[in-house]
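Bear in mind that the values in this text are calculations on the coordinates, not laboratory data. The structure presented is a predicted model; accordingly, all values stated were derived computationally and were not measured. Here the Cβ is made from the backbone with ideal geometry for all residues, glycine too, and neighbour counts use every protein chain on show.
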Ligand SMILES: [Zn+2]
């Protein structure tokens, strides 16, 4: 068996802050959802077991990578440090959040925005998925400049 | 719903909202006694008590019905307790109404009260990586105001609402609240003060966002026949209680979710969730938005009041700002919104809030709202939404 590509990384792999919601593959971040084999509904966070479409009895939900680019549905920031269990950086700089609409999946996904402030954003602009660390280390998906 | 299927609001009572720092039970009992006094009934007349739960006050909060019944003194009355986040009061009311309509009791007391910690709501303690309400804080730092701000920014982009419009909502509600002895904030404010308050979640500033409060509210429901027999004030009737859930796919990002439902397979429903909440209430009451004299809507933020005005059908999408600017939604206007002063003047006491809205409906419809009185109030609607998909809309009529 060939060694996984991951073993070729230099340095330790960042630890994901949550298992199974996103993957960083060769430095490229992907959100992981599940898609119903029967009705094609996409679920994020990944849903297992039953499809959420009430008119579908599908139970075959397979992992799928979501589109990496979408348009901003809305955005905001946290001017004050959010409370625990969020780990706020010290000194604190406002966390920027964006809800991004993925056209193919017909879904809006919330995430932190990397290296941008609310002044850099507007509704309808394109963002691309990336990832970045929380202040206490683990990695989370983030929206960033395409 | 015809009159035969309605129940009477015989009494309404509140413990003033504030940051009193005392156990929630005391606020609930004070509100319950006030509502019973208002109805002209005794606690020993009550056959069924429903408590709206609070999740931040230990075990007694999870069994609020029993907690209030024990505090008032065990009488053998049947009880129920329920939790539906901000919609808890509406669900509690619906449970009481249903038992009366089923003929299983004649007199029901519905009570909600909360004692809240300082600052914005944080998740209940402990590591719970399977709980989206914990994860949204852990992974994103997404507080409640962050979600309100997403809606506000979206509204600005879609409809051209401005921070000045949002400030005007606060000015209007603070003026109404200054006339309400149960409100926590009694001072009037200026638009300049709102616009100079610190930014919390862009574009919302501190004075755009409702605080968390202590408070208690209670309502006595009775059957029309019982009201006649005891000679109670039967002016106000509950014409509808809507507790609908969203329809798939819900395309609005709701607290505490990370994403919307997907429209890949099923197109969005005809109405958004918030619009569907009010729609179900109108259907049940056999009324239209045009029949309303006023409305209490859940102004968690100033911007959200504008969304609600459209969601409950009082303005087409994007046109609530016009009503606001014309003074239509102020006291003395064509269709006053939040004549109580709303959450802007109260702050949120979760299990009590929907019941506080019903108290305001009751006093307005009786014509006893004093300086806040809406002229010739005939029908009022109270709308709110609890996280995790809890709808709440109540219509009361004379
Ligand atoms: Zn399906």
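Brief remarks follow.
- Inter-part distance where region B:204-259 and region B:287-336 are each reduced to a Cα centre, Å: 17 Å
- Residues of region B:252-282 with an amide N closer than 20 Å to a point placed 7 Å from the Cα of residue B:98 along the Cα-to-Cβ direction: B:277-282.
- C-alpha long axis of helix B:88-101 to longest principal axis of chain B, angle in °: 40 degrees
- Projected over every direction and averaged, the convex hull enclosing the alpha-carbon atoms of region A:69-144 yields 5.0 nm².
- Centroid-to-centroid, using Cα positions, region A:111-140 and region B:59-73 are 46 Å apart.
- Region B:26-163, relative contact order in percent, only Cα pairs under 8 angstrom and at least six apart counted: 23 percent
- Remark: mean inter-chain Cβ contacts per residue of B:147-156 equal 5, using a 10 Å Cβ-Cβ cutoff to other protein chain atoms.
- A protection proxy built from the mean count of other Cβ atoms within 10 Å ranks the segments B:186-195, A:100-109, B:123-132, A:29-38, most packed first, as A:100-109, A:29-38, B:186-195, B:123-132.
- Counting only alpha carbon atoms, the long axis of helix B:273-285 and the longest principal axis of chain B meet at about 30°.
- Label zone at residue A:104 (point 7 Å along Cα-to-Cβ), backbone N below 18 Å, region A:56-71: A:62-71
- Over the residues of chain B, the helix contribution to mean residue ellipticity at 222 nm works out to -10500 deg cm²/dmol, using -39500 (n - 2.57) for each DSSP H run of at least 4.
- Along its first, second and third principal axes, ordered by size, region B:223-328 spans 57, 36, 24 Å in Cα coordinates.
- Shielding by partners, peptide B:128-141 (average Cβ within 10 angstrom, other chains): 5
- Placing dummy labels 7 Å off each Cα toward the beta-carbon, the span from residue B:131 to residue B:19 is 2.4 nm.
- For B:265-272, mean number of other protein chain Cβ atoms within 10 Å: 3
- For the peptides B:348-356, B:277-285, A:72-80, residues were scored by their other Cβ atoms within 10 Å and the scores averaged per peptide; the highest-first order is B:348-356, A:72-80, B:277-285.
- Computed over chain B with a Gaussian network model linking Cα atoms closer than 10 Å, the most mobile of B:122, B:302, B:143 is B:122.
- When its C-alpha radius of gyration is set against 2.2 N^0.38 Å (N residues), region A:5-65 gives a value of 1.39.
- Working from label points 7 Å from Cα in the Cα-to-Cβ sense, the residue B:368 to residue B:291 distance is 2.5 nm.
- In terms of overall dimensions, chain B has a Cα radius of gyration and Dmax of 19.7, 58 angstrom.
- Distance between the pseudo-spin-label points of residue A:117 and residue B:193 (7 Å out from Cα toward the beta carbon): 2.9 nm.
- Percent breakdown of C-alpha pair distances by 20 Å bin, ordered from the shortest bin, for the protein assembly as shown: 22, 53, 23, 2, 0
- With Cα atoms, 0 to 90° folded angle of helix B:24-39 axis to chain B main axis: 60 degrees
- Relative contact order of chain B: 25 percent, from C-alpha pairs under 8 Å at least 6 residues apart in sequence.
- When each of the peptides A:45-52, B:233-240, B:337-344, B:219-226 is scored by how many other beta carbons lie within 10 Å of its residues on average, the order from highest to lowest is B:337-344, B:219-226, B:233-240, A:45-52.
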